[in-house]
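One structure is given here, and the rest of the page talks about it.
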Amino acid sequence: MQGTAGPFPPEAFQFVREGLSHTVKIVHGDTAASAPVSDDDDSRHVSGQQLCIGLRDYAIRQYGLLARTVLARWHIQRTDDFGRIVFAMIDAGLLRKTDDDTLEDFREVFDFDEAFTELKSN
């Protein structure tokens, strides 16, 4: 998967997978997050923007003040990188997308420096 998604290590893919579950729970509730996935089921779908926000929240919950540092260690510097990882997982058959989902959905959803610097001032 690294060839299509750049320099991201396996931990980055695992983080996105876990963060996706976290985001589905936030957007659709606990029931959707734990329900089995079927081929025609879109009840667990989240948009690229929703996923980016969910991944930011998940990173902060998991790593606190170190969130930005951990993501940087995995070569994740901006929301576009989340999209590259997601689309590599789609290409590998690990995730599904709708016809409306594009890599553009992940472009500049939020600024990493602002999103993770705010932690320090709170």
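The numbers here are math on the coordinates, done by the rules we state, and not lab data. Remember, it's a predicted structure, so these values are computed and weren't measured experimentally. Cβ sites come from the backbone with ideal geometry, for glycine too, and all protein chains shown count toward neighbours.
Loop only per DSSP, at most 15 neighbouring Cβ atoms within 10 Å: give me the trypsin sites (Lys or Arg not before Pro) in segment 66-96, ordered by residue number.
Arg96
What ranking, highest mean first, results for peptides 103-115, 14-26 when packing means the other Cβ atoms within 10 Å averaged over each residue?
14-26, 103-115
Using amide H atoms built in the peptide plane, which far-off residues or other-chain residues are under 5 Å from Leu95 H to H?
HN-HN under 5 Å from Leu95: Ile90.
Mind giving me the nanometre distance, one decimal, between the label points for Ser21 and Glu104, set 7 Å out from Cα along Cα→Cβ?
Reported label-point gap for Ser21 and Glu104 is 3.3 nm.
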